[in-house]
Amino acid sequence: MLKSFMLAMIGLTVQSTPIGKQSRQFLRQFFLFTVLLIALYSFIFHELMLLEGRDFSAIDSVYWTMTVMSTLGFGDITFHGTYGRFFSIIVMLSGVLLFMLVMPLVFVRFVYRPWMDAYNNQKKPRQLPESTENHVIIVGEDDIALGIADRLSEYKIPYALLVPDGQHALELYERHYHVVVGEFDSPATYAAMRANKAALVVALCNNFRNTNIVATVHENTPHTKISAGADTNDAVNILKLAGCDYVFHFPYLLGHHLARRVHQASSQSSIVARFGQLCIAETSRVYAPYANLKVRETGFRKDFGLNIVGIWENNRYAAVSPDSLLNDSTMLLLAGTEEQIQVYDQKARFARPDEAEGFALILGGGRVGMVVAHELMRRNMPFRLVERRSEAIPQNDSRFVCGDASDIALLQKAGLENASSILITTQNDDLNIYLTIYCRKIRPKAQILCRSTLDRNVASLYAAGANAVMSHTSMVSTSVLNLLRPETVAFVTEGLSLFKIPVPKNLEGIELAHSKIREKSGCNVIALKRNDQILIGIGPHSILSRGSEIILIGSRNAERRFMQSFYEK
């Protein structure tokens, strides 16, 4: 009876556990061995007790065996003779070995681990529901892919990360990302992810794998929009031939944005972002008559039609308020039309007509550094570039210096002490931080622009003294969002962007001064869009009318606070 009951329990446990046939057979054999061993010990106990003149039932025999093997040792049934006590020692030692060592390992290996694996597999879906549509499929698992997922989440755009590794997928799931496990090059994977109903597929692997992904998706769902990343010009062309609708040329994106931020003495301001006719410009200094004045006292809007939408103090961005104080070292972010900015530049330049023209020093001649150099050539801006690989730079051109950028003597020879702008473009973030600290020490007033390979090093680069830091992650996530919703976000610098969004319902009909947008979020409203027309010269009494859109500037945290304060209630 007891044996039948235990065998039934063994069968129930094995059948309910998602393990293989061989493992189930081992479990049956192990439990059968345990039952037979208990039965054998119980029989020997019964016989030894008869030798001592005592008779115990079968239940008493099993009871004694279990208490001794489990080392509970209640002591209510004990042997009086030497043979019985010797037998008790054998039973205790075998019980310790079986119940305390072997059985826990067997349980973990053949019961607990398969059960946990099955539980975890439920959290790693291999397909999306049939009703899924207008979603974004992100093929990749690096920082860029996660950055895109975060940005899409902020704007309530559905997405799914395609990850080949089940363990990594589980880690991302625990971090609240939407993941699907599957092979990148399998048509069945994209069918399971409803690629035919997707708004966009984004491929973020290497050039070769991206080409395979694009070709696979395009062949099976030719009407689905596809975007992909590329590192070379050849890869850009091949991806387009494979069916890619938009290619993120990473070195060009980063180099172009870095070059656009370079200041020139002959051009007081650099346009760093555009929203239709709205331009955001960064000034290298405050126009002298406005130094040591509060923003409300400058009359910028009256004199130039421009709004001061942000300031840089000690290389850090700060949201501007009417009481913000401007000094000689303050850099401004101005919002207005390109013509209005040119008027400001002419007046500011006329105030310092004898200022010497500086040059840009580029540290690192890889793909990004060469894009910066070519962009500065196109703009007729003087520069020098330092690169340690002689084969990577043109020969007989004095603008290109061969050597290690970490060599202080070489930097001085390249003209560090006279450079007005320094661009640090190497792929090594540790070296970039090292160079930023040194360059800021030698050139405390120079403009320093840095590339960051990893997002976690952005704060360190700013702390080291960089005026602006840029990485692929923010630029690509902004580009993806704009592919889905044109002119929604404009990238300014790492952690700072412009974004356009409909006027929240709880702000409709309210004056800007009473909206408390700056107080609640830290964002500044820089323009309104009504009937496809951007209104730039807005003031505190401008009405946030229904159906209009507001254009704001702020850090990523400020952008999140705005969404939480006005859209997630």
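Observations
- Exactly one residue out of E375, E282 is among the charged types (D, E, K, R), touching a strand residue (DSSP E or B) at 6+ places or on another chain (Cβ under 8 Å) and either part of a strand (DSSP E or B) or modelled with pLDDT of 85 or more (or both), and it is E282.
- Meets criteria (at pLDDT below 60, hydroxyl-bearing (S, T, Y) and open to solvent by less than 20 Å² (accessible area, probe 1.4 Å)) for T17: yes
- Every residue from region 423-450 that is more than 19 Å from R389 (Cα to Cα) and touching a strand residue (DSSP E or B) at 6+ places or on another chain (Cβ under 8 Å): T436, C439, R440, R443, A446, Q447, I448, L449, C450
- Among the residues of region 341-355, not a single one is surrounded by fewer than 21 Cβ atoms within 10 Å (Cβ to Cβ), of a type in the set (D, E, K, R) and either at pLDDT 85 or above or touching a Gly at 6+ places or on another chain (Cβ under 7 Å) (or both).
- All conditions but one from (1) surrounded by fewer than 24 Cβ atoms within 10 Å (Cβ to Cβ); (2) on the phi < 0 side of the Ramachandran plot; (3) touching a residue at least 60 places away in the same chain (Cβ under 8 Å) apply to R194; the one that does not is (2).
- Of the residues making up region 532-565, those that are in contact with a strand residue (DSSP E or B) (Cβ under 9 Å, 6 or more places away or on another chain) and either in a strand (DSSP E or B) or aromatic (F, W, Y) (or both) are I534, L535, I543, L544, E549, I550, I551, L552, I553, G554, S555, F562.
- Against the numbered list (1) part of a strand (DSSP E or B); (2) over 18 Å from Q346 (Cβ atoms); (3) in contact (Cβ under 8 Å) with a residue 24 or more places away in the chain, N327 comes up short only at (1).
- Within region 58-148, helices (runs of 4 or more DSSP H) holding 3 or more residues that are at pLDDT 80 or above: 58-69, 82-95, 103-107
- Only one of N292, N380 that is part of a loop (DSSP other than H, G, I, E, B), out of contact with any strand residue (DSSP E or B) (no Cβ under 9 Å at 6 or more places or on another chain) and within 30 Å of E417 (Cα to Cα): N380
- Qualifying residue in region 301-312 (condition: surrounded by fewer than 22 Cβ atoms within 10 Å (Cβ to Cβ), over 38 Å from the mean Cα position of the chain (by Cα) and without any contact (Cβ under 8 Å) to a residue 24 or more places away in the chain): yes
- Residue that is nearest to V489 (Cα to Cα) [pool: residues in region 536-560 that are touching a Lys or Arg at 6+ places or on another chain (Cβ under 7 Å) and open to solvent by 40 Å² or more (accessible area, probe 1.4 Å)]: E549
- Residues of region 412-442 that are open to solvent by less than 60 Å² (accessible area, probe 1.4 Å) and assigned to a loop (DSSP other than H, G, I, E, B): A414, G415, A419, S420, T425, T426.
- Yes/no for S23 being touching a helix residue (DSSP H, G or I) at 6+ places or on another chain (Cβ under 9 Å), modelled with pLDDT of 85 or more and of a type in the set (S, T, N, Q): no
- Check on F499, within 18 Å of L535 (Cβ to Cβ) and among the aromatic types (F, W, Y): yes
- Selection of region 212-249 for residues being open to solvent by 10 Å² or more (accessible area, probe 1.4 Å), farther than 20 Å from M475 by Cα and among the hydrophobic types (A, V, I, L, M, F, W, C) yields A215, I238, L241, A242.
- Some residue of region 388-411 being assigned to a helix (DSSP H, G or I), modelled with pLDDT under 90 and under 16 Å from S284 (Cβ atoms): no
Conditions tested, residue by residue: (1) closer than 21 Å to R126 by Cα; (2) open to solvent by less than 20 Å² (accessible area, probe 1.4 Å); (3) among the aliphatic types (A, V, I, L, M).
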| site | (1), (2), (3) |
| --- | --- |
| K156 | no, no, no |
| L162 | yes, yes, yes |
| E174 | yes, no, no |
| V180 | yes, yes, yes |
| F184 | yes, yes, no |
| A198 | yes, yes, yes |
| A203 | yes, yes, yes |
| R209 | yes, no, no |
| P251 | no, yes, no |
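Okay, residues lined up against (1) open to solvent by 80 Å² or more (accessible area, probe 1.4 Å); (2) among the acidic types (D, E):
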residue: Y41; (1), (2): no, no
residue: E47; (1), (2): no, yes
residue: E52; (1), (2): no, yes
residue: S70; (1), (2): no, no
residue: G75; (1), (2): no, no
residue: G81; (1), (2): no, no
residue: F86; (1), (2): yes, no
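The values are calculated or read from the model by the stated rules, or taken from the named source; none is laboratory data. Worth saying up front: this structure is predicted, and the values here are computed from it rather than measured. As a convention, Cβ positions derive from the backbone with ideal geometry for all residues, glycine included, and neighbour counts pool all protein chains shown. Surface areas here come from the heavy atoms of the whole protein model, side chains and all, with no ligands, DNA or RNA. Shrake-Rupley method; radii C 1.70, N 1.55, O 1.52, S 1.80 Å.
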